[in-house]
Amino acid sequence: MIKTTHKIVFGALIGFSLACVSSCAPATRTLAVEEGWELIGEEKANFVKDRDEIMVNSTSLFTDIRIKVENKKLIVHNFKVVYPNGDKMQPAMPSSLSPNQYSSVIHLSPTGRQLRSVEFKYRSTGNILKGRGRVLIFGKRYTGY
(Lines give C-alpha, C1' and ligand atoms only; values in the text may rest on other atoms or scores of the structure.)
Protein backbone atom coordinates (compact mmCIF):
# COMPACT_ATOMS: atom_id res chain seq x y z
CA MET A 1 0.00 0.00 0.00
CA ILE A 2 2.79 2.44 0.91
CA LYS A 3 4.78 1.61 -2.25
CA THR A 4 1.71 2.32 -4.42
CA THR A 5 1.17 5.67 -2.68
CA HIS A 6 4.82 6.58 -3.25
CA LYS A 7 4.50 5.71 -6.95
CA ILE A 8 1.39 7.91 -7.28
CA VAL A 9 3.04 10.85 -5.47
CA PHE A 10 6.26 10.42 -7.48
CA GLY A 11 4.26 10.26 -10.74
CA ALA A 12 2.31 13.38 -9.78
CA LEU A 13 5.54 15.25 -8.95
CA ILE A 14 7.08 14.26 -12.29
CA GLY A 15 3.93 15.37 -14.14
CA PHE A 16 3.81 18.66 -12.26
CA SER A 17 7.51 19.29 -12.92
CA LEU A 18 7.09 18.66 -16.66
CA ALA A 19 4.09 20.98 -16.77
CA CYS A 20 6.05 23.74 -15.02
CA VAL A 21 9.08 23.38 -17.26
CA SER A 22 7.04 23.36 -20.48
CA SER A 23 4.94 26.36 -19.41
CA CYS A 24 8.07 28.38 -18.61
CA ALA A 25 9.75 27.68 -21.93
CA PRO A 26 10.30 30.80 -24.02
CA ALA A 27 7.76 31.41 -26.75
CA THR A 28 9.76 31.43 -29.95
CA ARG A 29 8.46 32.86 -33.17
CA THR A 30 9.72 32.59 -36.68
CA LEU A 31 9.54 35.64 -38.88
CA ALA A 32 9.99 35.10 -42.60
CA VAL A 33 11.82 38.01 -44.22
CA GLU A 34 12.38 38.47 -47.93
CA GLU A 35 15.94 38.23 -49.15
CA GLY A 36 17.78 41.55 -48.89
CA TRP A 37 15.45 42.86 -46.16
CA GLU A 38 16.19 42.76 -42.45
CA LEU A 39 14.20 43.58 -39.33
CA ILE A 40 15.72 46.80 -37.99
CA GLY A 41 13.25 47.69 -35.24
CA GLU A 42 9.99 46.79 -33.51
CA GLU A 43 7.62 48.21 -30.91
CA LYS A 44 4.20 47.47 -29.40
CA ALA A 45 1.56 50.09 -30.13
CA ASN A 46 -0.73 51.49 -27.43
CA PHE A 47 -4.45 52.23 -27.81
CA VAL A 48 -4.13 55.89 -26.93
CA LYS A 49 -2.09 58.31 -29.01
CA ASP A 50 1.45 57.13 -28.72
CA ARG A 51 4.80 58.57 -29.76
CA ASP A 52 7.63 56.13 -30.18
CA GLU A 53 11.19 56.50 -31.35
CA ILE A 54 12.35 53.12 -32.55
CA MET A 55 16.14 53.03 -32.53
CA VAL A 56 17.93 51.27 -35.39
CA ASN A 57 20.87 49.31 -34.00
CA SER A 58 22.63 48.63 -37.27
CA THR A 59 25.51 50.28 -39.06
CA SER A 60 24.37 48.92 -42.43
CA LEU A 61 23.30 51.19 -45.26
CA PHE A 62 19.67 50.91 -46.36
CA THR A 63 18.13 51.92 -49.67
CA ASP A 64 14.49 51.42 -48.63
CA ILE A 65 12.36 50.78 -45.58
CA ARG A 66 8.84 49.50 -45.06
CA ILE A 67 6.52 48.94 -42.15
CA LYS A 68 4.48 45.91 -41.15
CA VAL A 69 1.82 45.95 -38.46
CA GLU A 70 0.88 42.70 -36.74
CA ASN A 71 -2.40 41.86 -35.00
CA LYS A 72 -4.20 45.24 -35.13
CA LYS A 73 -4.88 48.12 -37.49
CA LEU A 74 -2.63 51.11 -36.87
CA ILE A 75 -3.69 54.75 -37.26
CA VAL A 76 -0.61 56.81 -38.22
CA HIS A 77 -0.54 60.54 -37.40
CA ASN A 78 3.12 61.28 -38.10
CA PHE A 79 6.10 59.35 -39.44
CA LYS A 80 9.76 60.45 -39.63
CA VAL A 81 13.02 58.77 -40.55
CA VAL A 82 16.01 60.15 -38.59
CA TYR A 83 19.58 59.93 -39.91
CA PRO A 84 22.72 59.84 -37.70
CA ASN A 85 23.52 63.51 -38.40
CA GLY A 86 20.08 64.57 -37.08
CA ASP A 87 18.48 65.21 -40.49
CA LYS A 88 14.87 64.04 -40.69
CA MET A 89 12.81 62.86 -43.61
CA GLN A 90 9.04 62.85 -43.39
CA PRO A 91 7.84 60.60 -46.22
CA ALA A 92 4.23 60.26 -47.28
CA MET A 93 2.58 57.51 -45.28
CA PRO A 94 -1.00 56.23 -45.42
CA SER A 95 -3.12 57.33 -42.47
CA SER A 96 -3.81 53.71 -41.54
CA LEU A 97 -2.00 50.42 -41.95
CA SER A 98 -3.95 47.17 -42.07
CA PRO A 99 -2.94 44.28 -39.83
CA ASN A 100 -0.45 41.75 -41.19
CA GLN A 101 0.18 43.81 -44.33
CA TYR A 102 3.28 45.71 -45.44
CA SER A 103 3.26 49.43 -46.15
CA SER A 104 4.48 50.63 -49.50
CA VAL A 105 8.24 50.83 -49.87
CA ILE A 106 9.77 54.14 -48.70
CA HIS A 107 12.83 55.01 -50.77
CA LEU A 108 15.75 56.51 -48.84
CA SER A 109 18.65 56.68 -51.30
CA PRO A 110 19.86 54.61 -54.27
CA THR A 111 23.32 54.39 -52.66
CA GLY A 112 22.00 53.62 -49.17
CA ARG A 113 21.80 55.63 -45.97
CA GLN A 114 22.53 54.73 -42.40
CA LEU A 115 19.58 55.22 -40.02
CA ARG A 116 19.52 56.34 -36.40
CA SER A 117 15.81 55.90 -35.66
CA VAL A 118 12.25 55.99 -36.91
CA GLU A 119 9.72 58.22 -35.14
CA PHE A 120 6.01 57.47 -35.08
CA LYS A 121 2.93 59.13 -33.71
CA TYR A 122 0.19 56.52 -33.89
CA ARG A 123 -2.38 54.46 -32.07
CA SER A 124 -3.57 50.89 -32.35
CA THR A 125 -7.25 50.04 -32.89
CA GLY A 126 -9.24 47.54 -30.83
CA ASN A 127 -9.26 47.15 -27.08
CA ILE A 128 -6.84 46.14 -24.40
CA LEU A 129 -8.51 42.77 -23.83
CA LYS A 130 -7.62 41.58 -27.34
CA GLY A 131 -3.98 42.66 -27.28
CA ARG A 132 -1.94 45.43 -28.85
CA GLY A 133 -0.61 45.77 -32.35
CA ARG A 134 3.08 45.38 -33.03
CA VAL A 135 5.01 47.60 -35.42
CA LEU A 136 7.89 46.01 -37.35
CA ILE A 137 10.32 48.08 -39.41
CA PHE A 138 12.27 46.44 -42.21
CA GLY A 139 15.24 47.89 -44.08
CA LYS A 140 16.53 46.84 -47.48
CA ARG A 141 20.28 46.59 -47.22
CA TYR A 142 22.43 48.37 -49.79
CA THR A 143 24.51 45.79 -51.60
CA GLY A 144 26.51 47.97 -54.00
CA TYR A 145 27.58 46.82 -57.42
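Does any residue of segment 37-52 turn out to be surrounded by 14 or more Cβ atoms within 10 Å (Cβ to Cβ) and in contact with a Pro (Cβ under 8 Å, 6 or more places away or on another chain)? Among the residues of segment 37-52, not one is surrounded by 14 or more Cβ atoms within 10 Å (Cβ to Cβ) and in contact with a Pro (Cβ under 8 Å, 6 or more places away or on another chain), which makes the answer no.
Before we move on, is ASN71 surrounded by 13 or more Cβ atoms within 10 Å (Cβ to Cβ), at pLDDT 75 or above and not small (Gly, Ala, Ser)? I'd like the intermediate steps shown before the answer.
Values: surrounded by 13 or more Cβ atoms within 10 Å (Cβ to Cβ): yes; at pLDDT 75 or above: yes; not small (Gly, Ala, Ser): yes.
Judged against the criteria, ASN71 is a match.
You will find that of SER117, SER98, the residue that is surrounded by 12 or more Cβ atoms within 10 Å (Cβ to Cβ), under 16 Å from ARG51 (Cβ atoms), hydroxyl-bearing (Ser, Thr, Tyr) and modelled with pLDDT of 85 or more is SER117 and no other.
Exactly one residue among LYS121, LYS68, LYS80 is more than 26 Å from TYR142 (Cβ to Cβ) and not polar (S, T, N, Q), and that residue is LYS121. As a summary of the residue check, SER17 satisfies the conditions (1) at pLDDT 70 or above; (2) more than 22 Å from GLN101 (Cα to Cα) except for the one numbered (1).
The values are calculated or read from the model by the stated rules, or taken from the named source; none is laboratory data. The structure displayed is predicted, hence computed values, not measured ones. Don't worry about glycine lacking a Cβ; one is built from the backbone with ideal geometry, like all the others, and counts go over all protein chains shown.
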